[in-house]
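Chemist: Let me give you the structure first, and then I'll get to my questions.
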Amino acid sequence: MPGPPVDLASLLEYPLLNPTFTEEDVHAGCQLSRELRLGFVTVRPSDLGLAAKWMEGGATSIGSTVGAPHGEDTTAVKVYAVRDLIQRGARHVETAINVGKMLSRQFQYVEIELLQMAQECHRAGAVLTIHLPLAMLEPDHRAIACRIAKRVEADYVRPIPFLVVPLGDLVKLDAGPVATLDEAMAAHGAGARRIASSDPRALIESWRAELKKKDAGGQGV
């Protein structure tokens, strides 16, 4: 089991996907991501061009979404969207698995679609995260979805609590949103290599405060 992260900020994703966000809100979020040196910031597709300029030269990966929230778009639309996002500067792409096709047990359809998206990402040096809407999928669908993610060599799968299928070294675990430092540490302990937060500054400040406490305790021994 992994120990505490060396740098929590590098694992954090700041999702700027609220439909009511203005461009000013997105700009402020990008600035915060640069300041905190977060691992990832994810914006709405229509904001990506601007956000990529704002994040240019920084260490934070900028990305966006395809097929949100339930993956209903056609394969052709999704593949085109991936290409478009990459041309606009995306270094990571997040997509939801097609719920209707999974429930219809059209697993080959889902696998071919995700494979094409993963290939487009990897050709450009970008990474692909697959979201699994747990509440809509039966346990066997979840297990099959994990196997598909592994076969198509997706980079991340979100979320992680239910995982019953080993994903190997190629596919990393994405915890999805967390609210507290305890949740973040629990997710990291369970193997997550990516954690979303709507308030990354508060999370990092809590983490740093905990590190100081531990350092002070060690010095007093």
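Chemist: Can you pull out every residue in segment 112-126 that is touching a helix residue (DSSP H, G or I) at 6+ places or on another chain (Cβ under 6 Å) and outside any helix (DSSP H, G or I)?
Modeler: Listed by number, the residues that qualify are Ala124, Ala126.
Chemist: OK, next. Can you confirm whether Asp47 is surrounded by 12 or more Cβ atoms within 10 Å (Cβ to Cβ), acidic (Asp, Glu) and out of contact with any strand residue (DSSP E or B) (no Cβ under 6 Å at 6 or more places or on another chain)?
Modeler: Taking the combined requirement at face value, the residue satisfies it.
Chemist: Taking segment 128-154 only, how many residues are touching an Asp or Glu at 6+ places or on another chain (Cβ under 6 Å), under 20 Å from Ile195 (Cβ atoms) and not polar (S, T, N, Q)?
Modeler: Looking only at that region, the number is 1.
Chemist: Answer with yes or no whether Gln108 is farther than 12 Å from Ala154 by Cα, polar (S, T, N, Q) and out of contact with any Asp or Glu (no Cβ under 9 Å at 6 or more places or on another chain).
Modeler: It is true that Gln108 is farther than 12 Å from Ala154 by Cα, polar (S, T, N, Q) and out of contact with any Asp or Glu (no Cβ under 9 Å at 6 or more places or on another chain).
Chemist: If you don't mind, there's one more thing I want to ask. Would you point out the residue of segment 137-190, among those that are in contact with a Cys (Cβ under 8 Å, 6 or more places away or on another chain) and closer than 20 Å to Leu103 by Cα, that is modelled with the highest pLDDT?
Modeler: In this case the residue turns out to be Val157.
Chemist: Okay, moving on. Taking segment 78-110 on its own, how many of its residues are charged (D, E, K, R) and either in a helix (DSSP H, G or I) or buried (at least 22 other Cβ atoms within 10 Å of the Cβ) (or both)?
Modeler: Result for segment 78-110: 5.
Chemist: Looking at segment 2-53, which of the residues that are among the β-branched types (Val, Ile, Thr) and under 19 Å from Trp207 (Cβ atoms) is farthest from the chain's Cα centre (by Cα)?
Modeler: Ranking the qualifying residues of segment 2-53, first place goes to Val6.
Chemist: What is the residue count in segment 186-202 for residues that are within 17 Å of the chain's Cα centre (by Cα), part of a helix (DSSP H, G or I) and of a type outside the set (Gly, Ala, Ser)?
Modeler: 2
Chemist: Would you mind stating whether Glu210 is surrounded by 12 or more Cβ atoms within 10 Å (Cβ to Cβ), modelled with pLDDT of 90 or more and not small (Gly, Ala, Ser)?
Modeler: Against the criterion (surrounded by 12 or more Cβ atoms within 10 Å (Cβ to Cβ), modelled with pLDDT of 90 or more and not small (Gly, Ala, Ser)), Glu210 does not qualify.
Chemist: Suppose we keep only residues that are surrounded by fewer than 22 Cβ atoms within 10 Å (Cβ to Cβ) and outside any loop (DSSP other than H, G, I, E, B) within segment 55-77. Which one would you say is farthest from the chain's Cα centre (by Cα)?
Modeler: It comes out as Ala76.
The values are calculated or read from the model by the stated rules, or taken from the named source; none is laboratory data. Bear in mind that the values here come from a model prediction, so they are computed numbers and not experimental data. All Cβ positions, glycine included, derive from the backbone under ideal geometry; neighbour counts span all protein chains shown.
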